[in-house]
1. Residues of the chain: accessible area per residue at 1.4 Å, in Å²?
2. Please state the charge dipole magnitude for the range 1-116, taken about the Cα centre, from unit charges on C-beta atoms (+1 on K and R, -1 on D and E), reported in debye and rounded to the nearest 20.
3. Which value, in debye to the nearest 20, gives the size of the charge dipole of the range 79-163 about its Cα centre, when Lys and Arg are +1 and Asp and Glu are -1 at the Cβ?
4. Just to confirm my numbers, what's the Cα centroid distance between the range 143-172 and the range 223-267 in Å?
5. Report the full-extension gain for the segment Asp201 to Asp107: residue separation times 0.36 nm, less the Cα-Cα distance, to one decimal in nm.
6. Among the listed pairs Lys40/Lys149; Lys26/Lys85; Lys149/Lys218; Lys40/Lys204; Lys43/Lys152, which have their C-alpha atoms separated by more than 28 angstrom in this model?
7. Taking 0.36 nm per residue of sequence separation and subtracting the Cα-Cα distance, how much length would be gained by fully extending the chain between Leu136 and Ala73, in nm to one decimal?
8. Normalise the Cα radius of gyration of the range 1-50 by 2.2 N^0.38 Å (N = residues in it) and let me know the number.
Amino acid sequence: MTNLSSIILPVLQDMEESYLKDQLLKFLPNQEESFSKIEKSFKQLTSKVQDKERLQLFFHSWSQTNNSAMTVAGISNRMTMLVHKNQPIADKEALLQSITSLNRIVDEDLAVVGRVLHSQLFYTMATNICTDDDWLSRKYLNLSAYDFKAWKDQNSLRNKDIMIALLTTLIHEIYTHGEVEYILPKFESWLTNDYGFSEEDRDKTLAWISVHCGPTEKNHFFFAVSSIFHYAKAMNVDLETYDMEPIIKDYLAKKSAVMQDVMEVEELSL
């Protein structure tokens, strides 16, 4: 049976031996409760035609857990700020390599390669399914989605330790790889069977999901790994002093709370 773990864990097992690999394989398989909640929410969403307000709540809140290119760009800014402010750097070449790897995570998102901003692809998907773009209204922002983004921004942009930002990005990238691979066939069947989309319209609508499948997010994960190792060298950081369990648990607990909340609200009072 295909589930999030069955997609994510083989990628981790393909990593070269390292403390990062040990930490990921130690703690990610223990998050089955969160994975199950997320899987259930996507199964519920794609099981039938949904009320329009449900769709609007879903896509607005879900968007807050995705579309993180600006966050990654912000981490890159923080790293170049070290040079700008003449902070002590043990190896400037390694810092450049770290930034170079980090920036490869958002090439597609920012249309540096490809022709369309990925935020536009998400807009097209949500708008086609919701039938208009009212889903953009902040009244559809679930509190758990707000909490997820605030936590992620705190880790990535405001925590004084940039390594925390990079480790948070690492978890986001490997999780997102699992999510898009898991949901694509479900969304394809849903739009075809329940909404009557033609194959052409379905594929156009789901381009945001499909472009992240295959090697895309997997490559982003390995770029995040590379950025971490280079940053550790640049700043003389001992990775083995970092416990990844809190980041992994918090990320997936907060993500699963978003997905559970947007599908379990019985009456929408917006």
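The values are calculated or read from the model by the stated rules, or taken from the named source; none is laboratory data. Only a predicted model underlies this, so the values are computations on that prediction, with no experimental measurement involved. Virtual Cβ from ideal backbone geometry, glycine too; neighbours counted across all protein chains shown. Just so you know, the surface numbers come from the protein's heavy atoms only, side chains and all, with ligands and any DNA or RNA stripped out. Shrake-Rupley method; radii C 1.70, N 1.55, O 1.52, S 1.80 Å.
1. Details: 12710 Å² over 270 residues.
Roughly 47 Å² per residue, with all protein chains present.
2. Values: 13 positive and 14 negative charges, 96 e Å.
The calculation lands at about 460 debye.
3. On the way: 10 positive and 11 negative charges, 62 e Å.
Charge dipole, the range 79-163, about its Cα centre: 300 debye, nearest 20.
4. So the two Cα centres are separated by 7 Å.
5. Working: separation 94, 0.36 × 94 = 33.84 nm, distance 2.57 nm.
Contour length minus the Cα-Cα distance gives 31.3 nm.
6. Lys26/Lys85
7. Working: separation 63, 0.36 × 63 = 22.68 nm, distance 2.28 nm.
Between Leu136 and Ala73, full extension yields 20.4 nm more.
8. Values: Rg = 13.9 Å, N = 50, 2.2 N^0.38 = 9.7 Å.
It is 1.43.
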